[in-house]
Amino acid sequence: MLPVGHRLGLGRPSLHRTLSRLSLSCHSATVSSKVIPPRYASSSPSSTTQALPALSNRQRLLRTEPDRKVTQLLEDLALGSVKAHPFRTRQKTFSKKGLVSTYNPLDPPIKLPPPIFFAGAYKSQSIPEPSGLEVAFVGRSNVGKSSLLNALGGPRVHAARTSEKPGLTAQLNFYRVGEAGIWVDAPGYGFAFAKTGAMDAWKQLIDDYLSKRSKTLKRVYVLADGRHGLKVNDKEFCRHLNGFGIKFQIILTKCDLVPRYLLARRIHLLHQDLKEYSNAMPECLPVSAYTGAGVDRVRRHVLQSTGASNVIAASRHAAAEHILQQKAREADDARVSPSTALVLGSGGRKRLEKSRQWLKDSKEEAEREWRQAGRIKDKAERGKGDKGMESRDIMKRGRADRSGAGRAKGVQSSYKR
Ligand SMILES: Nc1nc2c(ncn2[C@@H]2O[C@H](COP(=O)(O)OP(=O)(O)O)[C@@H](O)[C@H]2O)c(=O)[nH]1
Ligand SMILES: [Mg+2]
């Protein structure tokens, strides 16, 4: 019988080499920590029990398996760029609004009045008194805060100025958006060429703003670039917000520039990282102000956080009413005169009867939907009544403050176009 090495087609010297390599690897598996110290181990003997070094963000990203739910959501919202397969002749196209597969006629995009600028504060003294429930958009410079605010206002809204150059918005800008409350566009942080003095002034302004708005600021939206996720200063700011006890949510912007598979992984990682902040909303909102994908979802979150769920309910009710009218018209059109019924014969009559029954059923379903939407709307209106009171009280208090000692402060509108 041939030795093992010959049966495997190995000559004697190569067999020797293989066996010696095998024994070396077996040996090194048991004693490697002593013989060949790993590169990350320090020279001290206790280093063998030391934990592995933290992975870089890129390494973590590449080792993550995306959540299927997240991938499905991105697909539904048409978020993330999709490259055509090299052998595919036709590239998948998306509508400009980004809503392709999940367009629900009962939940059409919500229309809001355009945001109206009413105050700007470049220093703490100019911060206006609270006059309603607010949400603020904060993030690094050039991340797309002003672009998102415009996109949330609706198509062709240019209330906030946007720029390719970072650091354009240098003050807190306040916009009133009808029932949706007040939206605040904050100046960006983390601008690479910002001077330390500017950074300190920014911190002071934001801290004063946060402490003045302990009751009326309902949520801070921390915007992060979808291509990078949370950077060090974003995390620092999130910890700061956590300290203030303010609820915040991450919005990932510019998602049209990131491949979908990477975006899904990034979101999955982000959801894990968010667990360390007690005041963070557990899910982030991916969006692209450029294509409009995901904007309506963010708008709904903003409306809910300012207690304006009645706007969402009213939109659903209006859509249900529209569908009901359409169904009623279709059911009416399907009515057949007795003379036509005679001409059709028994087969034709049966088919006609079936389609009429189907139309009747769908009309009834639309009616049920409309009634339910009406109930939800009434409930939301009643809920809003209480919140409205709260908001009115705040307004009254603001007026009283201004008429008294606070008059000198006033509202300085330093916004220059
Ligand atoms: N591709 C893409 N570009 C965007 C998007 N949102 C903003 N931008 C661009 O990013 C730049 C900075 O936007 P801006 O809103 O001024 O950022 P801000 O400094 O955070 O207010 C502008 O050139 C925008 O056109 C987006 O969703 N997709
Ligand atoms: Mg801006």
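The values are calculated or read from the model by the stated rules, or taken from the named source; none is laboratory data. Because the structure is a prediction, the values reported are computed rather than measured. With ideal geometry, Cβ positions are generated from the backbone for all residues, glycine too; neighbour counts draw on all protein chains shown.
Can you pull out every residue in the range 117-136 that is part of a strand (DSSP E or B) and crowded, with 20+ Cβ neighbours inside 10 Å? Quick ask: steps written out before the conclusion?
Filtering the range 117-136 for residues part of a strand (DSSP E or B) gives 117-121, 134-136.
Answer for the range 117-136, where residues must be part of a strand (DSSP E or B) and crowded, with 20+ Cβ neighbours inside 10 Å: ALA119, GLY120, ALA121, GLU134, VAL135, ALA136.
Checking the structure you have, find out if any residue of the range 277-287 is closer than 22 Å to GLY181 by Cα, modelled with pLDDT of 90 or more and within 16 Å of ligand 2 (Cβ to nearest atom). If you could, list the steps in order and put the result at the bottom.
Residues of the range 277-287 that are closer than 22 Å to GLY181 by Cα, as a first pass: 279-281, 284-285, 287.
From what's left, modelled with pLDDT of 90 or more: 279-281, 284-285, 287.
Applying the additional criterion that residues be within 16 Å of ligand 2 (Cβ to nearest atom) yields 287.
Among the residues of the range 277-287, at least one is closer than 22 Å to GLY181 by Cα, modelled with pLDDT of 90 or more and within 16 Å of ligand 2 (Cβ to nearest atom), which makes the answer yes.
Just to be sure I understand the filter: pairs with C-beta atoms under 6 Å, separated by 6 or more residues or on different chains, first member in the range 291-304 and more than 13 Å from ALA180 (Cα to Cα), second member β-branched (Val, Ile, Thr). Which pairs pass?
Partner pairs satisfying both residue conditions: GLY294/VAL287; VAL295/VAL287.
In the range 124-147, what residues are hydroxyl-bearing (Ser, Thr, Tyr) and more than 16 Å from ligand 2 (Cβ to nearest atom)? First the steps, then the outcome.
Our first condition is that a residue be hydroxyl-bearing (Ser, Thr, Tyr); within the range 124-147, this holds for 124, 126, 131, 141, 146-147.
Scanning the range 124-147 gives SER124, SER126, SER131.
Does any residue of the range 253-263 turn out to be within 16 Å of ligand 2 (Cβ to nearest atom) and in contact (Cβ under 8 Å) with a residue 40 or more places away in the chain? Before you say what the answer is, go through the steps one by one.
Of the residues in the range 253-263, the ones within 16 Å of ligand 2 (Cβ to nearest atom) are 253-254.
Next cut, in contact (Cβ under 8 Å) with a residue 40 or more places away in the chain only: 253-254.
Within the range 253-263, one or more residues are within 16 Å of ligand 2 (Cβ to nearest atom) and in contact (Cβ under 8 Å) with a residue 40 or more places away in the chain.
May I ask you to verify whether VAL184 is among the β-branched types (Val, Ile, Thr) and within 16 Å of ligand 1 (Cβ to nearest atom)?
Numbers: among the β-branched types (Val, Ile, Thr): yes; within 16 Å of ligand 1 (Cβ to nearest atom): yes.
So VAL184 fits the description; yes.
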